[in-house]
Amino acid sequence: MIQGFKDFISRGNVIDLAVAVVIGAAFGAIVTAAVDNLVNPLIGAFVPSGDLATWTIEIPGLFATAQLGIGAIISAIINFLAVAAVVYFALVLPMNKLNERRQAKLGVAEEAPAAPTQEELLAEIRDLLASQSAK
């Protein structure tokens, strides 16, 4: 059991994943700070409270009013979209381009053969039926 755990930990994938999580957390903190200190104040200039994170909508109830923190939800959505956009444009897109160049350099063409059209399939079925009825 201990040997299995040692094998699991010593694999390169686990170390790579751990590094990615740590760097992702640090990068997330940078993007969160940018959104909280740049984007949210700009949007906050257009909401009644003046601060997006503290913007609430009050809904009257029977005994008390409920305050929905709509600003915090919008702030979290903006934060998520900012992180996703930076990850896509800084990591995913360049890696895809690098893989395309690498495959082109190796001469690996991943062109799938063209699928037969509906008419071609029907013609094949007709020909098979004709050959079976002729026997």
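The values are calculated or read from the model by the stated rules, or taken from the named source; none is laboratory data. As the structure is a computational prediction, the values presented were derived from the model and not from experiment. Note that we place each Cβ from the backbone using ideal geometry, even for glycine, and neighbour counts take in every protein chain shown.
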Q: Please work out which one of (1) surrounded by 10 or more Cβ atoms within 10 Å (Cβ to Cβ); (2) under 27 Å from ALA25 (Cβ atoms) is the condition LEU42 fails and give its number.
A: (1)
Q.
Cβ-Cβ distance below 6 Å, separation of 6 or more or different chains: which pairs start in the range 58-85 with a residue that is within 18 Å of LEU42 (Cβ to Cβ) and end on one that is hydrophobic (A, V, I, L, M, F, W, C) and in a strand (DSSP E or B)?
A. ILE70/ILE57
**Q.** Residues of the range 48-75 classified as among the hydrophobic types (A, V, I, L, M, F, W, C) and over 16 Å from VAL35 (Cβ atoms), total
**A.** 8
**Q.** Members of the range 113-132 that are assigned to a loop (DSSP other than H, G, I, E, B) and of a type in the set (A, V, I, L, M)
**A.** ALA114, ALA115
(Q) Please go through (1) within 14 Å of the chain's Cα centre (by Cα); (2) under 20 Å from ALA29 (Cβ atoms) for ILE78 and return the number of the only condition it doesn't satisfy. (A) (1)
Q) Which one is nearest to VAL86 (Cα to Cα), of the residues in the range 1-46 that are at pLDDT below 80 and not in a helix (DSSP H, G or I)? A) ARG11
